Amino acid sequence: MRLSIGEIALLCKGELDGDSQIFIEGVNPPSLAGQSDLCYIEKTEDLALLGGRKVGCVILNEKDRKGDKFNFPVIWVKNPKLAFASVLREIDREKLSAFNPGISPHAFVSPKAKIAASAHIGPFCFIGEDAEIGENSILVSGVYIGNGSKIGNNCLLYSNVSVREGCLIGNFCILHCGCVIGSDGYGYAQSEKGHIKIAQIGGVKIGDNVEIGANTCIDRATMGFTEIGDGCKIDNLVHIAHNVKTGRNCLIIAQAGIAGSSKIGNNVIIAGQAGISDHVEIGDNSIIMAKTGVMGKVKPGSILFGYLGRPRGEYMRIEALLSKLPEFFNFYKKAKKKLDSDEKNAG
Amino acid sequence: MRLSIGEIALLCKGELDGDSQIFIEGVNPPSLAGQSDLCYIEKTEDLALLGGRKVGCVILNEKDRKGDKFNFPVIWVKNPKLAFASVLREIDREKLSAFNPGISPHAFVSPKAKIAASAHIGPFCFIGEDAEIGENSILVSGVYIGNGSKIGNNCLLYSNVSVREGCLIGNFCILHCGCVIGSDGYGYAQSEKGHIKIAQIGGVKIGDNVEIGANTCIDRATMGFTEIGDGCKIDNLVHIAHNVKTGRNCLIIAQAGIAGSSKIGNNVIIAGQAGISDHVEIGDNSIIMAKTGVMGKVKPGSILFGYLGRPRGEYMRIEALLSKLPEFFNFYKKAKKKLDSDEKNAG
Amino acid sequence: MRLSIGEIALLCKGELDGDSQIFIEGVNPPSLAGQSDLCYIEKTEDLALLGGRKVGCVILNEKDRKGDKFNFPVIWVKNPKLAFASVLREIDREKLSAFNPGISPHAFVSPKAKIAASAHIGPFCFIGEDAEIGENSILVSGVYIGNGSKIGNNCLLYSNVSVREGCLIGNFCILHCGCVIGSDGYGYAQSEKGHIKIAQIGGVKIGDNVEIGANTCIDRATMGFTEIGDGCKIDNLVHIAHNVKTGRNCLIIAQAGIAGSSKIGNNVIIAGQAGISDHVEIGDNSIIMAKTGVMGKVKPGSILFGYLGRPRGEYMRIEALLSKLPEFFNFYKKAKKKLDSDEKNAG
């Protein structure tokens, strides 16, 4: 990377204290930042992390601007983390410029597919009949798009992603390597001959600005659609079963699983390795903590924790009391003996 | 889709009350079914889900046939869910007709492989030496079949599946996107130089009518075979370690894991995120509930639940009593004080 | 396979009691070994597993050599498991000889990539700009190597592996089917418009002799590197988040997850389905047992178990006492009544 401090201040929509012509050559956390690195600091007290070192440039919170003098250029902004994110995005963007518009001669594209002129279809991609790829979307390599599936504009699909037939992906979505959209839901009818597969003829509908982690799987609906709302961010190795519907802006962390037909509200956080049963409803703004199991309806704004999810405070109290069980038990043995002998004497 | 009610009644082996020439254009659950949709109802009381709407056609249980008049055509059958499944299967079948027999010019097929004339080998598939693909089997795209592996008849392997060398897949199997059959078992010998890999020279043997979920991994045996019995249905992101053997018709749900050399009986259900230790035996017809850990032998017909799997009833009782721990603790503090003072007085 | 007992004794660095010209045609565990099979026995008492059968050859521990006569050839060694591993490795090696040096005409290789002359690049592999593949390394099929990534010497990358841009893999590494190295770390800044992606511009650095399981995901760092130390062995479906650092020779078993920025020491074992929170430190030689959750710092040499990891002994005691909760509860109801009535009488 090579950006001037002036350009960075513009990206950040910040106010610069320093020479706009100085060039920055890297980014780093405050504790590692060197002479030509940019870093950001959220709280003024964290300035100590710089240890008085001369660094390239620091993004600071404008509410901490109290006339202090620094031995490095400063960009004052409203939200340092967001401002830094806009610089990282700019650096990252260079990477994508390598993916020129066009279809690789090593790709397989059905003559009935519609590929936007600005889209990039990399080697070993398969685009089925009636599939559509929107403007500026990039399919890196080995991506499979089944018949009739539609990928919106400005999407980025990394290597070895599979989107099976009849699935709809919105705009500005990122699908990480190896994720699978539209695999069959897990449904069987019981018969004397064993489990009879129920064909899953629905699809998956994914909103705008959704990110889906590496090797995550989202199953197609039996009928209708499994739906992921706008702005949801899904981590790696997550399982989302058929007919699940999530609201907007949910965060679903690595290795979590959501069983069939459950409905997740808006702004819900489901942390790592949590498991949600089938046909459950989780209200808006709830937090399901890591490794928590959820078997019933969850009210909006709940914070659940524990093997069988309980309100967080209740669970933490129980967990603390478990440490006292050996003490309880010693008391119990003694007290029970006494109670029994008292009863005998009384009887 | 476009099927007449008469054709549907034939598919269902049911008896039709209505005009066989009416055409159905979609399928839906009862609550969503419209004027030209087919739906099914398992229990008569669920008829209310239709809310008196005019729908295309309803599959009902023949034991509920009591002379009622309906404002829609009815197909009477023994098992509505199974009957509906047969209609879904018919609709789904159209999808497969797109996969014509033949080998894509974009595939790589060893001259020493044997491919049945009716098989479909899609673009970017790799078929190794001495590998065999049976009649009517479909390899969609980007499927890897290692040297000497054999895929039976009427199998369906979706995009980016990997079947490594020396593995045997039966007939009528479905392997979903990204699943991996025959990765090395996890085995090391300890030495002063660190962990020394024990080469895994066995394979994986999968029976007939087995379905394997997206991104699920089944490791090859150290020696001999890891075995999955006929009719097993395995969901997404499941891990099955080396030398595991499962019986027939097991259901293994998403994100469950089975460690090395464990033996699973027939008709066992292992629910989502459950974990089975190595060298464990699970008896026929057992149910291991979601998130349950199993560390020892399980008798046939058991239902286990809990972090360290216990009989379900016992576990639910413990879980309920955990809520009382704070109450216990208050009593304990009081009673202990009294017991101690009584003892002092007595002493 | 076809090796003479003499060749096997050489491979094992062992001493042979028997005719070096006899040929061995298979390997098996002692209970299954036949007339021309090799097997190994760790403890002399396990000789009973042979049941007096005539087997091809047995590897025994030289410290058990007490002049007994056996009806089969014996190779005496210091460490039978390690010796057997060296024979398995020899058998397994044949498999790799099929991968000749050279680049498949079905691969896509950037003209700016550097491929060692002895490397094998299979069909449908993608090698980006400035990527490097070392001597004797094998990329089986459908492997994606992003721009600027470097694969060391003697590595083996199975089908459908993805290594994204800017990642460094050491020597003698094995990457199993479908694993993903360098997917974006999961990082967002909150804004009024929802979650804003923080571009992840770091990479992943993997040491020598590392094995990474099928469909495992290791995310790239936000800045700097996610690091996996020399000799680590990672099983299937593991999630390792951005900026995690592991020491040397760790074992990380299937479906375990490590959240962002956590630091794992040397020789740590993290068992199946365990979950490590973010920004946690785990000391050298610790063992995190299966399904255990870790939320705080772990001292070197700890053994943790339980939903919220506790020292193993403590956890096992609590788990045992949970079985007594119903008994506690009966006592409590009785004793509380008595305490209450005593208090009333006293008051």
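Which distance in Å, rounded to a whole number, links the C-alpha centroids of region C:39-93 and region A:264-296? Using only Cα atoms, the two centres lie 53 Å from each other.
Based on C-alpha pairs under 8 angstrom that are at least 6 apart in sequence, region A:3-96 has a relative contact order of 28 percent.
Here is the list for region C:114-203: trypsin sites (Lys or Arg not before Pro) lying in DSSP coil, each with at most 12 other C-beta atoms within 10 angstrom of its C-beta, are C:LYS193. Going down the list C:LYS233/C:LYS299; C:LYS233/C:LYS263; A:LYS197/B:LYS299, which pairs span over 20 Å between their C-alpha atoms? Table pairs above 20 Å Cα-Cα are C:LYS233/C:LYS299; A:LYS197/B:LYS299. When the square roots of the Cα gyration tensor eigenvalues are ordered a ≥ b ≥ c, the ratio a/c for region B:285-340 is 1.5 or more and a/b exceeds b/c, which makes its shape prolate. Taking label positions 7 Å along the Cα-Cβ direction at both C:ASN100 and B:LYS63, the computed distance is 6.7 nm, reported to one decimal. Neighbouring Cβ atoms from other chains, within 10 Å of the Cβ of residues in C:137-145, number 5 on average.
Classify the protein assembly as shown from the C-alpha gyration tensor, please: rounded if a/c falls under 1.5, else prolate or oblate depending on whether a/b exceeds b/c.
On the way: a/c = 1.08, a/b = 1.08, b/c = 1.00.
Taking the square roots of the gyration eigenvalues as a ≥ b ≥ c, the protein assembly as shown is rounded.
Counting only other chains, what is the mean number of Cβ atoms within 10 angstrom of the Cβ of each residue in peptide B:207-214? Write down the numbers at each step before the final one.
Values: counts 0, 0, 5, 0, 5, 0, 7, 16.
Mean number of neighbouring Cβ atoms from other chains: 4.
Its Cα centre serving as origin, the protein assembly as shown has a Cβ charge dipole (Lys and Arg +1, Asp and Glu -1) of approximately 3340 debye.
I'd like the GluC sites (Glu not before Pro) in region A:1-82 restricted to DSSP loop residues with at most 14 other Cβ atoms within 10 Å, sorted by number.
Values: sites: A:GLU7, A:GLU15, A:GLU25, A:GLU42, A:GLU45, A:GLU62; in loops: A:GLU25, A:GLU42.
Here the sparse-neighbourhood loop sites are A:GLU25.
Over all other residues within a Cβ to Cβ distance under 11 Å of A:CYS179, the charged ones net out to -2, with Lys and Arg as +1 and Asp and Glu as -1. In straight Cα distance, which lysines are under 24 Å from A:LYS69, not counting same-chain residues fewer than 8 positions off? Result set, ordered by chain and number: A:LYS13, A:LYS43, A:LYS54, A:LYS78, A:LYS81. Sorted from nearest, the other copies put their B:GLU45 label points 6.0, 6.1 nm away, the label point being 7 Å from Cα in the direction of Cβ.
Heavy atoms of the protein chains alone define the surface here; on that basis the protein assembly as shown has 40 Å² accessible area per residue at 1.4 Å probe size.
Surface listing: C:MET223, A:MET1 arranged by accessible area from highest to lowest gives A:MET1, C:MET223, probe 1.4 Å. Check the straight Cα-Cα distances from C:LYS297 and name the aspartates and glutamates below 20 Å, setting aside those fewer than 8 residues away within the same chain. Filter leaves A:GLU319, C:GLU227, C:ASP278, C:GLU281, C:ASP284, C:GLU314.
Where Lys and Arg each count +1 and Asp and Glu each count -1, what net charge lies around B:GLU62 among other residues with Cβ under 15 Å from its Cβ? Can you show the working numbers first?
Details: positive: B:LYS13, B:LYS43, B:LYS63, B:ARG65, B:LYS66, B:LYS78, B:LYS81; negative: B:GLU15, B:ASP17, B:GLU42, B:ASP64, B:ASP68.
Value of the local net charge: +2.
For A:LYS114, the label point sits 7 Å beyond Cα toward Cβ; its separations from the matching points on the remaining copies run 4.7, 4.7 nm, from shortest to longest.
Chains C and B together bury roughly 5100 Å² of accessible area, counting both sides, with a 1.4 Å probe on protein heavy atoms only.
What FRET efficiency, computed as 1/(1 + (r/R0)^6) with R0 = 25 Å and r the Cβ-Cβ distance, is obtained for B:LYS299 and C:SER323, rounded to the nearest 0.05? For B:LYS299 and C:SER323, the calculated efficiency is 0.90.
Along the axis of the charge dipole computed for the protein assembly as shown (Cβ charges of +1 for Lys and Arg, -1 for Asp and Glu, origin at the Cα centre), the listed residues A:LEU308, C:ASN285, C:THR216 are led at the positive end by A:LEU308. Going from the isolated chain to the complete set of protein chains, region C:164-185 loses at least 30 Å² of heavy-atom accessible area (1.4 Å probe) at C:ARG164, C:GLU165, C:HIS176, C:CYS177, C:VAL180, C:ASP184.
Extending 7 Å from Cα along the Cβ direction at A:LYS337 and again at A:ASP19 yields two label points whose distance is 8.4 nm.
Summing Lys and Arg as +1 and Asp and Glu as -1 over all other residues whose Cβ lies under 15 Å from the Cβ of C:ASP92 gives a net charge of +1.
Taking the label point 7 Å from Cα in the Cβ direction, how far apart in nm is A:GLN21 from each other copy of itself, listed shortest first? Values, ascending and in nm: 8.9, 8.9. With a 1.4 Å probe rolled over the protein heavy atoms of all chains, the accessible area of C:LEU251, B:LEU139 falls in the order C:LEU251, B:LEU139, largest first. Counting Cβ atoms of other protein chains within 10 Å of each residue's Cβ and taking the mean over peptide B:79-88 gives 5.
For chain C, the square roots a ≥ b ≥ c of the C-alpha gyration tensor eigenvalues yield an a/c of 1.5 or more together with a/b not exceeding b/c, which makes the shape oblate. Each label was represented as a point 7 Å from its Cα along the Cα-to-Cβ direction; for C:ARG2 and A:GLN35 these points are 6.9 nm apart.
The values are calculated or read from the model by the stated rules, or taken from the named source; none is laboratory data. Keep in mind that this is a model prediction, so the values were computed, not measured. Cβ sites come from the backbone with ideal geometry, for glycine too, and all protein chains shown count toward neighbours. All accessible areas refer to the heavy atoms of the entire protein, side chains included, with ligands and DNA or RNA removed. Shrake-Rupley method; radii C 1.70, N 1.55, O 1.52, S 1.80 Å.
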